[in-house]
Amino acid sequence: MADSCRLRLFLALFMAALSAFPSPCSSREFKLRDKSSDRVPVLQQDNLTVLIPFDPSKVIQLSWQPRVFFYEKFLSDEDCDHLIALAQGKLERLVVDASKENSVMYSINVSSGLFVPRGQDEVVSKVEERISSWTFLPKEYGEDMLIEHTPANESYEPHYDYYHDISRLAVAGHRVATVLMYLSTISQGGETIFPHLELKHTQTKDRPCEATGYAVKPVKGSAILFFNLHPDATPDAMSLHSSCSVLDGEKWTATKWIHVRNFNLSNQPMVLDEECTDEDDNCASWASMGECEKNAVYMLGTPDYYGSCRKSCGAC
């Protein structure tokens with residue numbers, strides 16, 4: 001329950017802060033108070049420049065249902081090139097596990113990627129700080145950054161980033177938010193599609209894939225943020241998204257999934273050798289009402305607390 005309250009507080013603060021951001025139809029302008037307010041801390045290393053804060057004037061609200069935001073030039077060209085360089089020569093094949101309802105990737109074909117540990121270098125660390133500033137969520141809640149390479153003719157089927165397998169909530173709960181950063185520009189194809197986004201009928205559609213929803217074109221340095229949960233911490237089915245086939249060039253992206261609490265795979269709840277049981281006779285009923293997702297700490301447990309309803313929640 002504590003996790004749910006914290007999440008609601010984070011989302012409330014985020015929504016309040018973004019209420020002043022421009023929407024695609026907004027004519028509001030942002031004016032700086034003076035020239036000194038333009039100055040922002042800058043980190044320079046080996047000719048790489050990383051802006052530490054984020055500029056809210058570049059954020060566009062694409063939709064409230066689902067909650068999707070677009071940030072132009074979130075990363076510099078140097079940032080993008082640096083992240084790609086980290087992955088080149090180290091990529092591993094990413095294949096969907098059809099036996100699970102929600103795996104790392106939902107791919108029609110096979111792509112390749114590399115998970116970059118949090119804070120691996122100063123550039124990665126500063127990008128993570130900017131993500132934290134934008135989302136109002138702590139860096140520690142994020143998974144390792146996935147740098148992915150998608151060659152021509154590959155795409156991703158519609159999927160959700162929150163978990164369907166409730167046993168996976170034990171580590172850090174649901175993925176509350178996703179930040180997808182484009183590291184390359186694709187002239188044709190590769191769009192990220194949101195089938196349920198409110199503005200999906202406002203675009204001119206050139207290809208059948210684009211016609212399935214609102215299309216965000218991959219532009220080097222830009223990023224999208226979308227929330228996978230409602231403000232009440234329940235999964236948002238409208239956050240469904242997919243990716244069109246890459247028709248020209250090669251697509252590079254960096255993805256940061258952010259959870260409802262500290263994400264640390266080394267601190268998974270302990271699993272005892274004894275028989276898997278529930279500690280309360282009401283567990284089955286609670287699980288049927290969705291409490292495994294709503295109250296994951298009590299039902300499934302944490303690294304420091306053995307959940308009361310692990311059997312009914314399918315965690316053992």
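Across the stretch 62-68, coupling constants 3J(HN,Hα) worked out from phi with the 6.51/-1.76/1.60 Karplus curve, θ = phi - 60°, read 7, 6, 9, 9, x, 7, 10 Hz, and Gly and Pro carry x.
Other residues within the sphere of radius under 11 Å centred on the Cβ of A152, judged by their own Cβ, net out at -2 (K and R +1, D and E -1).
From least to most packed, judged by other beta carbons within 10 angstrom and beginning with the fewest, S155, S187 follow the order S187, S155. Report, by chain and number, residues whose modeled amide H sits under 5 Å from the one on R310, excluding near sequence neighbours (fewer than 5 apart, same chain). Excluding prolines and chain starts, which carry no amide H, the hits are E279.
Report the Rg/Rh value for the stretch 176-273, based on alpha-carbon coordinates and the Kirkwood definition of Rh. Across the stretch 176-273, the Cα-based Rg/Rh ratio is 1.08.
Here the extension length gained between W64 and S125 equals 19.0 nm, from 0.36 nm per residue of separation less the Cα-Cα distance.
Amide hydrogen proximity for G190: with H placed 1.01 Å from N in the peptide plane, the residues at 5 or more positions away or on another chain lying under 5 Å are C244, S245, V246, L247. At an R0 of 22 angstrom, the distance between the Cβ atoms of D232 and L199 translates into a FRET efficiency of 0.35.
Between amide H atoms placed 1.01 Å from N, distances below 5 Å from A177 occur with N228, I258, all of them 5 or more places distant or on a separate chain.
Here, each number is a calculation from the coordinates, and none is a lab measurement. As the structure is a prediction and not an experimental result, all values here were calculated from the model. Methodologically, a virtual Cβ is constructed for each residue, glycine included, from the backbone with ideal geometry; neighbour enumeration extends over all protein chains shown.
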